[in-house]
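Throughout, read-outs are computed from the coordinates displayed, never taken from laboratory work. Values in this document were obtained by computation on a predicted structure and should not be read as measured data. FYI the Cβ positions are ideal-geometry reconstructions off the backbone, even for glycines, and counts take in every protein chain you see.
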Amino acid sequence: MCGIIGYTGKESALPLILGGLERLEYRGYDSAGVAIIEEGSLIVEKQVGKIRELVRSLWGKPFKGKTGIGHTRWATHGAPSVDNAHPHTDSRGEFAVVHNGIIENYLDLKRELESEGFKMRSETDSEVIAHLISKNYEGDLLTAVLKTCEKIRGAFAFAVISSREPFRVVGVKQGSPLVVGIGEGENFLASDIPAILPYTKRVITLEDGEIADITPEGVNIYDFWGNPLTKDIMIVPWDLISAEKAGFKHFMLKEIFEQPKAVGDTVRGLLSEFDSFPFSLKDFSRALIIACGTSYHAGLSAKFWIEKYAGVPTEVVYASEFRYGEHPLGDDVIVIGISQSGETIDTKFALNSAKEKGATTLAVVNVVGSSIDRESDYSLYTHAGPEIGVAATKTFTAQLAALYYLAIGESPKKEPLLRDLLKIPSIVENALESAEDVESVAEKYLKKKDFLYLGRYLSYPIALEGALKLKEISYIHAEGYPAGEMKHGPIALIDENMPVVVVAPRDRVYEKSISNIEEVRARKGIVISVGFEEDDKLKKYSEDLLKIPEVPEDLTPFLTVIPLQLLAYYIASKLGLDVDQPRNLAKTVTVE
Ligand code: F6R
């Protein structure tokens, strides 16, 4: 996690870097800092907390330097503190480094540097990079960085500036993301494209083992042996407007309301992209889906669709658990990695290991050019646009669309199924019209301390997703469970204080879900159900019914998730919490 940015050019670096950091803040927000080369000297300013604390501490300090780096941190090694905040400098204050990722051998390097007289001021793994560059410096920053890369191990990206060479930023990518932005008389480095989108849409995506040497006049890319490389420049299609709040109170709410477009754009994209794929799911004897968090829940839904329409046995595994099993895989297996960011390290490692074992890997990603996109054999894109809120919403329904499309690809009934899928954006639009009703329900329950979310069949992954949304942004304990398993334990939790959200559209398991609702009521639990709008029976059995328009059974996940996203959003928002940047989380998880 962590976001890094670097700039050198014709403008004052500070405002550009602070603006970029705000757009990177979703990656972590425990502390932030900048380093600017001001009249030949390195100035460093760091603060604990969000970027706004850093901005406050910079009031009245109008630095004009035209080269600088910035960092927003998600703490791994060392608690959030000013000492542990980046940038880190060498002992003489001539080199400043911002780093994202982990230096695995930092303890050995630290011991070695300390025995040579270097003094560490932080508990971080990152500080060793600044000292190593200083130690290796003999008049050329790039050479010092190349020598440093020989010593460090791990998954990382970093950027360095030096007062010895005031118009140069050198950036390294090995495992964590780093892009180069190409401007006119100015150039950029950043962890992610949105950080630099206001300034340029011309971007080079660095691969692992690459180094970017940027000056105001140009960009040179090298490998770790110092050999020059030629790279393509990509023109980014996203515009900045789609990364602003557009009148919504939070990005999360805006993104919930963008779901009709996200699903529609995804399906339209797939119509042209997927049909050129040289394989079909039926070519494989088995499918394995690997993902984390919300993307994992999309995978659980996809399992039902793939088994039903493609007839391919499908297993869904948490990427973080994948590496501990033996998982016999061969070329008869397709491994589908689902990831919004395309940078989740667990998913990336799991996919790479599956590929090494001979499986075909297919990525379902939102960020084009991300590591998972590049390293997989094939990619399907969710065209949801940038998602800024830490809690995934529109990318989830876009993932559902991509996975459903993949599953029905082989069905003889593909045409009518596709026609139904194409109606989903406008049906989701209708579901969003009930947002105010969900808001009133949120008001009733926001003081509750625990929630249970239940669902069966296709509604089970949605129960998990609803619970995840609530806990991550409202900090209220919520548990998602298969409704049929309730009697094997969780039913003991139910009393008159427990809201139980039951996802119960009229599908093949509807009657069984109604029985579960009766069991909850018999124990005085408070039933909040999610079901079709004309469902009087469900209404009668529930304290509150969160209504969705009626759709065919297979498409219910696109609709049932909407009121659950809204419920979590309104509860957290009414509790006055930081919905877009909940505590302890980051949008892109590049640590194991
Ligand atoms: C929850 C959420 C996370 C992500 C998970 C995987 O709202 O956003 O659980 O789904 O960290 O991230 P990606 O999809 O980027 O691999």
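In terms of the ratio Rg/(2.2 N^0.38 Å) built on C-alpha atoms, what value belongs to the stretch 255-350? Before the final figure, lay out each step's value.
Values: Rg = 14.4 Å, N = 96, 2.2 N^0.38 = 12.5 Å.
The value comes to 1.15.
For the stretch 307-324, what does the Karplus curve 6.51 cos²θ - 1.76 cosθ + 1.60, with θ = phi - 60°, yield as ³J(HN,Hα) per residue in whole Hz, taken in order and with x for Gly and Pro?
Calculated HN-Hα couplings, in order: 5, 6, 8, 9, x, 9, x, 10, 10, 10, 10, 5, 4, 5, 9, 3, 5, 7 Hz.
Going by how many other beta carbons lie within 10 Å of each one, how would you line up Phe277, Phe349, fewest first? Don't skip to the answer; put the middle values down first.
Working: Phe277 14, Phe349 18.
So the ranking, lowest neighbour count to highest, is Phe277, Phe349.
Given Cβ point charges of +1 (Lys, Arg) and -1 (Asp, Glu) and nothing else, what value in debye, to the nearest 20, does the dipole of the stretch 463-592 about its Cα centre take? All intermediate terms of the calculation are to be shown ahead of the outcome.
Numbers: 16 positive and 22 negative charges, 57 e Å.
It works out to roughly 280 debye.
Return the calculated 222 nm mean residue ellipticity for the chain, to the nearest 500 deg cm²/dmol, obtained by summing -39500 (n - 2.57) across DSSP H runs with n ≥ 4 and dividing by the residue count.
Result for the chain, helices only: -10500 deg cm²/dmol.
Quick one: which residues, 5 or more positions from Phe532 or on another chain, have an amide H under 5 Å from its amide H? H modelled 1.01 Å from N in the peptide plane, none for Pro or chain starts.
Arg506, Ile548
State to the nearest 20 debye the size of the charge dipole of the stretch 1-98 about its Cα centre, where the only charges are +1 on K and R beta carbons and -1 on D and E beta carbons. Please list the in-between numbers first.
Values: 12 positive and 11 negative charges, 50 e Å.
Roughly 240 debye, rounded to the nearest 20.
From the phi of every residue in the stretch 219-225, what ³J(HN,Hα) in whole Hz does the Karplus formula 6.51 cos²θ - 1.76 cosθ + 1.60 yield, where θ is phi - 60° and glycine or proline is x?
Listing the rounded values in order: 10, 10, 10, 10, 8, 5, 9 Hz.
So how many Å³ per residue does the convex hull of the Cα atoms of the stretch 433-578 work out to? List each step's numbers first, then the result.
Values: hull volume 13.6 nm³, N = 146.
Taking the convex hull of the Cα positions in the stretch 433-578, it is 93 Å³ per residue.
Could you please rank Phe188, Phe322, placing first whichever residue has the fewest other Cβ atoms within 10 Å of its Cβ? Before the final figure, lay out each step's value.
Numbers: Phe188 28, Phe322 21.
Ordered from fewest to most neighbouring Cβ atoms within 10 Å, Phe188, Phe322 come out as Phe322, Phe188.
From the P(r) of the stretch 101-253, could you give the percentage of C-alpha pairs in the tail past 23 Å? Could you put the intermediate results ahead of the total?
On the way: 5013 of 11628 pairs.
Cα-Cα pairs in the stretch 101-253 separated by more than 23 Å: 43 percent.
For the stretch 180-267, with the dipole built from +1 on Lys and Arg beta-carbon atoms and -1 on Asp and Glu ones, taken about the Cα centre, which of Tyr199, Phe257, Asn220 lies farthest toward the positive end?
Sorting the options by dipole projection puts first Phe257.
For Leu288, what residues show an amide H to amide H distance below 5 Å, using hydrogens built from the backbone and excluding near sequence neighbours?
Here Glu315, Ile334, Val335, Ile336 satisfy the definition.
Apply the Kirkwood formula to the stretch 58-109: the hydrodynamic radius equals the inverse of the mean of 1/r over all pairs of different alpha-carbon atoms; give it in Å with one decimal. Before the final figure, lay out the partial values.
Working: mean 1/r = 0.0757 Å⁻¹.
This gives a value of 13.2 Å.
Ordered by residue, what ³J(HN,Hα) values in Hz, to whole numbers, does the stretch 401-412 give under the Karplus form 6.51 cos²θ - 1.76 cosθ + 1.60, where θ = phi - 60° and Gly and Pro are x?
Calculated HN-Hα couplings, in order: 4, 5, 6, 5, 4, 4, 5, 7, x, 9, 5, x Hz.
Can you give me the long-range amide H partners of Asp208? Hydrogens built in the peptide plane at 1.01 Å from N, cutoff under 5 Å, separation of 5 or more residues or another chain.
Gly175
So for the stretch 245-431, considering every pair of alpha-carbon atoms, how many percent are separated by more than 29 Å? Please list the in-between numbers first.
Details: 2986 of 17391 pairs.
Roughly 17 percent, rounded to a whole number.
Evaluate the Debye formula for the stretch 378-519 with equal point scatterers sitting on the alpha carbons, no solvent, and hand back log10 of I(q)/I(0) at q = 0.13, 0.16 Å⁻¹, in q order, two decimals.
Log-scaled intensity ratios, in q order: -0.73, -1.06.
Over 25 Å apart: what share of the alpha carbon pairs of the stretch 3-236 falls there, rounded to a whole percent?
Details: 8501 of 27261 pairs.
That fraction is 31 percent.
Assuming a ≥ b ≥ c are the square roots of the Cα gyration tensor eigenvalues, decide whether the stretch 142-184 counts as rounded (a/c under 1.5), prolate (otherwise, with a/b larger than b/c) or oblate. Display every interim value, and only then the final one.
On the way: a/c = 2.86, a/b = 1.22, b/c = 2.35.
Note, shape of the stretch 142-184 comes out oblate.
As an exercise, find the ratio Rg/Rh for the chain from alpha-carbon atoms, using the Kirkwood inverse-distance average for Rh. Spell out each step's value before the answer.
Working: Rg = 25.1 Å, Rh = 25.0 Å.
Result: Rg/Rh = 1.00.
Treating the beta-carbon of each Lys and Arg as +1 and of each Asp and Glu as -1, no other charges, what is the dipole magnitude of the stretch 346-454 about its Cα centre, to the nearest 20 debye? Let's see the in-between values first.
On the way: 13 positive and 16 negative charges, 55 e Å.
Once rounded to the nearest 20, the dipole reads 260 debye.
Quick check on the exposure proxy: order Thr148, Thr347 from fewest to most C-beta atoms within 10 angstrom. Please list the in-between numbers first.
Details: Thr148 25, Thr347 29.
With the sparsest Cβ surroundings first, the list reads Thr148, Thr347.
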